[in-house]
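The next block holds one structure in the form of structure tokens; read it before the comments.
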């Protein structure tokens, strides 16, 4: 008895990338802020690409606090959704073509989101990575950190609590 041959690595990579692109493209505000996601396996790093429109205080100059908070919240929500979708994508239960066609799971809803502004966001690209601390059937807790030049020198961090939609939780 022989085992089925595994999928080529490029096919797996394309399926994962297509699923992530569908998730991100479904939220127009992510495109407006020009946030992209770098995927390495199941880990996501978001990138806030600098643009002058992101500046809140032109005299410093510094990234607007609302942009920073939105960047952290977007990173948290996409990471949380990705963590719920990952097993379904890997098992083949969820087809990335369905996601691209708009058959997306509902996004987690923010219950509360607390941002710690540690220093001014400089006029350059910023990066963030979220960690899902707890994720049950109805509720999730996420911590996210943002940096610019050095990962150990954070300019903001946040903790959020989210309500998991029942249609995505029951399948994940």
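Rule-based calculations on the coordinates, nothing more; no lab input. Owing to the predicted nature of the structure, the values given are computational and were not obtained by experimental measurement. Glycine gets a Cβ as well: all are built from the backbone with ideal geometry, and neighbour counts include every protein chain shown.
What angle do you read, to the nearest 10 degrees and between 0 and 90, between the alpha-carbon axis of helix 9-25 and the longest principal axis of the chain?
Rounded to the nearest ten degrees, it is 50.
Run the numbers on the chain and let me know its relative contact order in percent, using alpha-carbon pairs under 8 Å that are six or more apart.
It comes to 23 percent, rounded to a whole number.
Report, in whole Å, the centroid distance computed from the Cα atoms of region 7-69 and region 93-135.
Taking the Cα centre of each part, region 7-69 and region 93-135 sit 9 Å apart.
At 0.36 nm per residue, and after removing the present C-alpha to C-alpha distance, how many nm does the segment from residue 93 to residue 152 gain when stretched out fully?
Extra length from residue 93 to residue 152 when fully extended: 17.4 nm.
Helix 65-91 versus the longest principal axis of the chain: what is the Cα-based angle in degrees, 0 to 90, to the nearest 10?
With rounding to tens, the tilt is 10 degrees.
Modelling each spin label as a point 7 Å along the Cα-to-Cβ direction, I'd like the residue 21/residue 120 distance in nm, to one decimal.
3.8
So what's the projected area for the chain, the Cα convex hull averaged over all directions, in nm²?
Value for the chain: 11.4 nm².
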